[in-house]
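Structure first, commentary second.
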């Protein structure tokens, strides 16, 4: 039982910050976005401090997507957000939007 508790505590420490981004795309631009994400996801996921990256798609609205990225710290997330990789990827992504993206940085309270 002690080992399980230790593993859970370690997991919480590894993912201090979770970044959630909601994006609504023009329906005809969804394929362009998914191709762009496929082409850049490994680069983003291997950025220093990024522990995991997930892309989710709304069940009801096929043009709404969410990214969940897990970061070691706010410092790591901010370094990514100021990187050339982010700037180039975001410039290509935001022109595909139907509405402005929404983003939140959150921390896990429990799991």
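Coordinate-derived values only; no laboratory data. If you're wondering where the values come from, they're calculated on a predicted model, not measured in any experiment. Every residue, glycine as well, gets a Cβ built from its backbone with ideal geometry; the counts of neighbours run over all protein chains shown.
Of note:
- Percentage relative contact order, the chain, counting C-alpha pairs under 8 Å, at least six apart: 42 percent
- Highest-first arrangement of 35-42, 50-57, where packing means the average Cβ count within 10 Å: 50-57, 35-42
- Taking Cα atoms only, the orientation of helix 2-14 departs from the longest principal axis of the chain by about 40 degrees.
- Using alpha-carbon coordinates, inclination of helix 84-94 to the longest axis of the chain, degrees: 50 degrees
- The share of C-alpha pairs in the chain whose separation exceeds 25 Å stands at 27 percent.
- Highest mean packing comes first when the peptides 75-88, 94-107 are listed by Cβ atoms within 10 Å, giving 75-88, 94-107.
- Backbone N within segment 63-97 under 18 Å of label point (7 Å from residue 42 Cα along the Cβ vector): 85-86, 89
- Against the chain, whose longest principal axis is taken from its Cα atoms, helix 30-45 shows a tilt of about 30°.
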